[in-house]
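Taking it in order: structure first as structure tokens, then the write-up.
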Amino acid sequence: MSVLLIAFNFRRKFSKKPPNNAAQRSFIEFILEPVYKIFAQVVGDADRGLVGLCEELGIRLTREEQRLNVRPLLRLIFHRFLGSFTGFVEMVSEHIPSPCENAKSKLAHIYTGPLDSDIGDDMLACDPDVRYKKFELACVLLFIAYSK
Amino acid sequence: MAITLCINKIDRLMLELKLPPQDAYYKMKHVIEEVNALLGVYGAEDLYVSPLKGNVCFASSQYSLCFTLKSFATIYADMYGDVNVKAFAQRLWGDVYFNSKTYVVYF
């Protein structure tokens, strides 16, 4: 059973309508099914399928790693295959504005004190050196550190 | 303000609920729609999240599994080359089908 598909000149081959009754949406075909197959193959038949699976995914496991239990083994395989949370990091860096740019609108939401004070200025400037100390002075009853 | 959505624990759809891939897809789609409905209540239509916009990612921290459409498309590109990552990622969500009869090779 193969895990991944090869897509040639994929652009012309996608359509809004299913080409046949058994056809699945592209998200299922290209993403979910490979993930399902990795789970199934490692959970179900780790001894026999593992070498072929790793070859297909283009990853290497040492002998010792192959003998790991299912859960750490799955972690390792997904980590090598998908990278260490690169998708999440990319998403955040692309879509979330930097703290400095965002400070003004964010502070308006979360800070109830006056923004035209020293503390306000330092927070707007996202100055890492002074912020902590002044926060401590400012919030006697409750200390909350907001950071990204 | 910016909002990104990370759908975590997707392994539970597969291992605990044992949903077939199609139902898992509907479930995730439903989660996204719920979030957007909530954003709609507050009139934040411009903040709508969608995998196609790149502000939704799928993850299972327990299994060190995390991807967006783009990051998964990048994996295909790294393995097979000659794939336009951006265009491919745009075709990986929604009612889009791949014509597998003629052009896909299983190996």
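All of the numbers you see were taken from the coordinates with simple rules; none came from a lab. Because the structure is predicted, anything quoted here is derived from the model rather than measured. Cβ: placed from backbone, ideal geometry, glycine included. Neighbour counts: every protein chain shown.
What to note about this one:
- Using Cβ point charges alone (K and R +1, D and E -1), the dipole size of chain B about the Cα centre works out to roughly 200 debye.
- Neighbour counts of other Cβ atoms within 10 Å put A:Thr62, B:Thr74, B:Thr68, B:Thr4 in the fewest-to-most order A:Thr62, B:Thr4, B:Thr74, B:Thr68.
- Pairs from the table (A:Lys106/B:Lys27; A:Lys37/B:Lys86; A:Lys13/B:Lys9; A:Lys17/B:Lys29) lying more than 28 angstrom apart at Cα are A:Lys106/B:Lys27; A:Lys13/B:Lys9.
- Crossing angle, helix B:21-41 versus chain B [Cα axis fit, 0-90 degrees, rounded to tens]: 30 degrees
- Taking every Cα-Cα distance in chain B and sorting them into 10 Å bins from zero, the calculated P(r) comes out as 13, 38, 37, 11, 2 percent.
- Distribution of pairwise C-alpha distances over the range B:1-63, 10 Å bins, in %: 21, 49, 25, 6
- Dipole of the range A:24-124 [Lys/Arg +1, Asp/Glu -1 at C-beta], most positive-end residue of A:Ser26, A:Ile38, A:Phe78: A:Ile38
- Separation between Cα centres of the range B:8-72 and the range A:71-97, rounded to whole Å: 15 Å
- Residues of chain B were split at every exposed loop site, defined as trypsin sites (Lys or Arg not before Pro) in a DSSP loop with at most 16 other C-beta atoms within 10 angstrom, and the longest piece left, sites excluded, is B:19-107.
- Toward the positive end of the charge dipole of chain B, with +1 on the Cβ of Lys and Arg and -1 on the Cβ of Asp and Glu, the farthest Cα among B:Val31, B:Tyr80, B:Leu5 is that of B:Tyr80.
- Three-way shape call for the range A:49-125 based on the alpha-carbon gyration tensor, with the a/c threshold at 1.5: prolate
- Here the dipole of the range A:18-112 is about 260 debye; that uses its Cα centre as origin and unit charges on the Cβ of Lys and Arg (positive) and Asp and Glu (negative).
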